[in-house]
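Where a number appears in this text, it was derived from the coordinates with a stated rule and is not lab data. None of the values given here were measured: they were computed from a predicted structure. Glycine also receives a Cβ, built like all others from the backbone with ideal geometry; neighbour counts cover every protein chain displayed.
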Amino acid sequence: MNTASGFSDPLVTDTPLPFPELCARIHDRIRTFLDAKNVSDRIRNVQAQTRISLDVIGEALEQYRLPELSLSYNGGKDCLVLLILYLCALHKKGLAQIPNPSSNIETAVQCVYIQDAHPFPEVEEFVVRSSKIYSLALLEYAKPMKAAFADYLKDTPLVKAILVGTRRTDPHGEHLKHFDPTDSGWPAFVRIHPVIDWHYVDIWTFIRFLNIPYCSLYDLGYTSLGGTTDTHPNPKLVRQPSPPHAPQTCDTNGTLKSKFRPAYELVDDYEERLGRDR
Ligand code: ATP
């Protein structure tokens, strides 16, 4: 992917870099992004949101030791941005070198992934691929959320706080703060919401400016990812039908164009979940 205003080379590649190098590269790229001057209002907003999120993650890293922190990750765009910011913050704090004592893998990033009852193969593929790229110690659960988190806390007894990519316009996001204990009746941990005030358009501006690989479903008009039985391409992104005898249009790589425009062309927060039935 190339972007008009961002970096044309990918931020990460499919060949995993050593973890400290990965975090250093992400940090440098975000530094360059934050230092960019004479940018559009949209980019300036994202620069401001990025600074706030890095401060929140920095605060989390002051309050908790690495084995006490985890990230809720399902390959979606919002937790992807959160993950990139977390890796940047680890470098900034000099924590990208420390192996995580609660796992045998030399990584600083513990993650929990709760598989949908009807997962998209594309999502599964992206979770596996991104876990390799970012050296994630990811534990996967195929059960309802509450039971999955209860099991996760049993399996990782040191974890006290989990970074979550919820935004204000998501269901139940309206009144969240940066740090919130779970509601009563839920397994007890602190939820940390560094990207709570990012808008839909901010997320895509960041991903595209920094040239971060993302799940392929987003290029097919999916704007928020659930399972195969309740998630469709967003109807707001349907392409206008071509006249009956017009030649079929192809993407640059020669494949037929999807009937839907890519997710990053949507702008309105409140239209994001129009492709979700729940
Ligand atoms: P998208 O909206 O495009 O699917 P997303 O999955 O990142 O992106 P939401 O679906 O709004 O965002 O979910 C908010 C956050 O909740 C995620 O960023 C992630 O941190 C957490 N989350 C949601 N579903 C799961 C899941 N199945 N497993 C682990 N974490 C999850």
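Largest mean-square fluctuation among 135, 216, 70, in a Gaussian network model of the chain whose springs join Cα atoms under 10 Å apart, belongs to 216. With contacts taken as Cα pairs under 8 Å and at least 6 residues apart, the chain reaches a relative contact order of 22 percent. Across segment 60-212, the mean sequence separation of Cα contacts (distance under 8 Å, 6 or more residues apart), normalised by length, yields a relative contact order of 26 percent. Under a Gaussian network description of the chain, with springs only between Cα atoms under 10 Å, the residue in 182, 166, 15 that fluctuates furthest is 15.
The Cα atoms of segment 78-236 give a gyration tensor whose axes a ≥ b ≥ c have a/c under 1.5, which makes the shape rounded.
Think of each Lys and Arg Cβ as +1 and each Asp and Glu Cβ as -1; about the Cα centre, that makes the dipole of the chain roughly 300 debye.
What residue among 238, 56, 112 has the largest mean-square fluctuation in a Gaussian network model of the chain, using Cα springs under 10 Å? Result for the chain, Cα springs under 10 Å: 238 fluctuates most.
In order along segment 25-30, the phi-based Karplus estimate (6.51 cos²θ - 1.76 cosθ + 1.60, θ = phi - 60°) of 3J(HN,Hα) comes to 5, 5, 4, 4, 5, 5 Hz; Gly and Pro are listed as x.
The angle between the Cα long axis of helix 77-92 and the longest principal axis of the Cα atoms of the chain comes to about 50 degrees, rounded to the nearest 10. DSSP assigns beta bridges within the chain; of those with both partners inside it, close to 30 percent run antiparallel. Lysine pair count for the chain with Cα-Cα distance under 20 Å and sequence separation of 8 or more or different chains is 9. Summing charges over all other residues whose Cβ lies under 11 Å from the Cβ of residue 112, with Lys and Arg as +1 and Asp and Glu as -1, gives -3. With a Förster radius of 25 Å applied to the C-beta separation of residue 145 and residue 258, the computed FRET efficiency comes to 0.25. Give me the net charge of residue 148's neighbourhood, meaning all other residues with Cβ under 15 Å from the Cβ of residue 148; Lys, Arg count +1, Asp, Glu -1. Result for the local shell: 0. Distant-in-sequence amide contacts of residue 7, defined by a placed amide H-H separation under 5 Å and a gap of 5 or more residues or a different chain, comprise 211.
What does the charge count near residue 186 come to, summing +1 for each Lys or Arg and -1 for each Asp or Glu among other residues with Cβ under 15 Å from its Cβ? Net charge in that neighbourhood comes out at +2. For the chain, take the longest principal axis of its alpha carbons; what is the angle in degrees between that and the long axis of helix 121-133, to the nearest 10 within 0 to 90? Here the helix axis deviates by roughly 50 degrees. Here the 3J(HN,Hα) profile of segment 53-62, calculated from phi with Karplus coefficients 6.51, -1.76 and 1.60 at θ = phi - 60°, is 4, 5, 5, 5, 5, x, 5, 4, 6, 6 Hz, Gly and Pro shown as x. Taking Rh as the Kirkwood radius, which is the inverse of the mean 1/r over Cα pairs, what is the Rg/Rh value for the chain? In the chain, Rg relative to Rh is 0.96.
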